[in-house]
1. Is it true that V125 is farther than 14 Å from N190 by Cβ, within 22 Å of the chain's Cα centre (by Cα) and of a type in the set (V, I, T)?
2. In region 272-294, which residue that is under 20 Å from A72 (Cβ atoms) and not in a helix (DSSP H, G or I) is modelled with the lowest pLDDT?
3. What pairs can you find where one residue is in region 50-69 and touching a residue at least 24 places away in the same chain (Cβ under 8 Å), the other is exposed (fewer than 15 other Cβ atoms within 10 Å of the Cβ) and part of a loop (DSSP other than H, G, I, E, B), and their Cβ atoms are less than 7 Å apart, with a gap of 6+ or different chains?
4. Check whether at least one residue in region 165-173 is in contact with a helix residue (DSSP H, G or I) (Cβ under 7 Å, 6 or more places away or on another chain), closer than 16 Å to D123 by Cα and surrounded by 20 or more Cβ atoms within 10 Å (Cβ to Cβ), and report yes or no.
5. Out of all the residues in region 305-315, is one or more part of a strand (DSSP E or B) and modelled with pLDDT of 95 or more?
6. Spot the failing condition for M380; the list is (1) closer than 24 Å to L316 by Cβ; (2) buried (at least 22 other Cβ atoms within 10 Å of the Cβ), and only one is missed.
7. Within region 377-419, work out how many residues are touching a Lys or Arg at 6+ places or on another chain (Cβ under 6 Å) and more than 30 Å from A308 (Cα to Cα).
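The values are calculated or read from the model by the stated rules, or taken from the named source; none is laboratory data. Fair warning: this is a prediction, and the values are worked out from it, not measured in the lab. Glycine also receives a Cβ, built like all others from the backbone with ideal geometry; neighbour counts cover every protein chain displayed. What goes into the accessible areas is simple: the full protein's heavy atoms, side chains included, and nothing from ligands, DNA or RNA. Shrake-Rupley method; radii C 1.70, N 1.55, O 1.52, S 1.80 Å.
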Amino acid sequence: MDTAPVMETVSRWVQIPDRRGDFPSLLRTHNGKTLAYLDGPAGTQVPQQVIDAITQYYSSCNANTHGRFPTAAESDRMLDAARGAVAHFLGARGPACISFGANMTTLAYALARAFARGLRPGDEVVITQLDHEANRGPWLSLAERGIVVREVALRKDATLDEEDFARAVGPRTRLVAVGMASNAFGTVNNIALARDLARGAGALLLVDAVHYAPHFPLDVRGADVDLLLCSAYKFYGPHVGILYAREGLLDTLEPDRLRVQDQRGPWRIETGTLNHAAIAGVAAAVEYIATFGSGADFRSRIVSAMEAIGGHEHRLARLLYEGLLGIDHVTVHGPTFDVPRRAPTVSFTVDGMTAAGVSGRLGARGICTWDGNFYAVRPMEVLGLEAGGGVTRAGVSLYNSDEDVARLLAEVRDIARGRE
């Protein structure tokens with residue numbers, strides 16, 4: 001997955017239809033002010049179309065699978081269609097590559113336990129200092145079994161040290177686990193480098209796309225990844241974890257499962273009864289995203305939509321980033337917006353204030369932001385931010401507007417002045 005063409009894409013696509021009316025939650029007010037939802041990195045708002053799909057499932061088809069009656073057959077068809085929709089979203093070969101779970105973290109732990117059964121003491125797994133703990137903790141737990149876990153170093157600008165990455169991957173490496181984008185700093189990692197290093201060592205490549213999937217088109221086959229994890233609630237859907245596995249790969253792993261479970265992928269890693277209504281919502285979320293695009297087929301419309309959405313988000317996030325840079329006593333953390341690709345997530349601190357204090361002030365004024373480490377505790381530790389309570393984070397989603405950004409900048413300017 002090359003990063004070079006992205007700036008051209010962003011420059012072309014900066015206008016999307018105003019669809020804020022699709023999101024009922026955007027009508028909420030607090031202290032007389034409409035809420036500005038800049039909290040998307042922790043989970044986006046949900047359009048009415050997705051809410052309707054979940055309601056429709058509960059209203060007309062609330063049945064378990066593989067029964068010999070109409071509603072069970074409808075559940076079977078819905079699940080197959082949802083796998084197909086997600087396969088189009090990810091650029092996968094087909095539904096057989098898509099598994100569902102409670103969330104990304106649960107799926108990552110299931111994969112780690114499955115991998116452990118095929119590894120030997122002294123085998124190595126490579127992780128990074130930048131990643132969300134959900135793509136670190138499961139692999140770090142393998143150290144109890146004698147697996148060596150190597151960690152790629154983080155630079156001061158919240159980007160990975162690519163020379164250290166090359167040193168970390170070696171002949172004993174069996175898996176490289178890396179995030180596509182940082183949920184804390186907006187950094188987009190060089191997945192092409194990770195792929196080349198993994199392939200050179202004969203290792204598998206797993207990518208955490210939780211923070212990447214809401215903002216950029218995905219192409220798992222073009223990126224040549226073996227495993228990819230993401231979460232539907234980050235792209236306008238409900239809380240469902242998603243796993244892409246290269247065709248046939250799950251059949252070589254030994255995840256925890258009951259003997260009555262279908263032993264083939266993609267079902268092999270799915271324990272118990274899935275959340276059918278939520279998965280209906282996942283399919284609806286992908287279909288909703290596609291309505292922002294154009295093209296002769298579903299996949300083309302998804303890619304076109306994600307390019308358009310990404311351009312809109314990039315423009316607003318850059319305005320936010322540059323506006324914060326101009327406020328005295330405010331420090332912005334993470335890469336600049338001059339890099340080829342960057343997620344629309346902006347993290348900052350205000351001198352003399354905790355991140356919780358800043359977010360609390362903003363929240364009282366109707367502006368939703370997050371504070372802390374967002375489970376990206378390791379990069380916060382490495383960059384010296386964890387001891388002070390982390391950072392305040394604002395993220396741009398498709399429903400955000402210039403007005404949202406202007407409100408945030410005005411309030412941060414007021415907060416920064418008030419500390420003088």
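1. yes
2. Taking region 272-294 first, the residues under 20 Å from A72 (Cβ atoms) are 272-283.
Filter once more, keeping what is not in a helix (DSSP H, G or I): 272-275.
On the way: G272: 93, T273: 96, L274: 97, N275: 98.
Restricting to residues being under 20 Å from A72 (Cβ atoms) and not in a helix (DSSP H, G or I), the top hit is G272.
3. N64/T273
4. There is at least one residue in region 165-173 that is in contact with a helix residue (DSSP H, G or I) (Cβ under 7 Å, 6 or more places away or on another chain), closer than 16 Å to D123 by Cα and surrounded by 20 or more Cβ atoms within 10 Å (Cβ to Cβ).
5. So in region 305-315, the residues part of a strand (DSSP E or B) come out as none.
No: region 305-315 contains no residue that is part of a strand (DSSP E or B) and modelled with pLDDT of 95 or more.
6. (1)
7. 1
Conditions (1) free of Cβ contacts under 8 Å to residues at least 12 places away in the same chain; (2) open to solvent by 10 Å² or more (accessible area, probe 1.4 Å), marked per residue:
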{"residue": "D219", "(1), (2)": "no, yes"}
{"residue": "Y233", "(1), (2)": "no, yes"}
{"residue": "I242", "(1), (2)": "no, no"}
{"residue": "P255", "(1), (2)": "no, no"}
{"residue": "G272", "(1), (2)": "yes, yes"}
{"residue": "A277", "(1), (2)": "no, no"}
{"residue": "E287", "(1), (2)": "no, yes"}
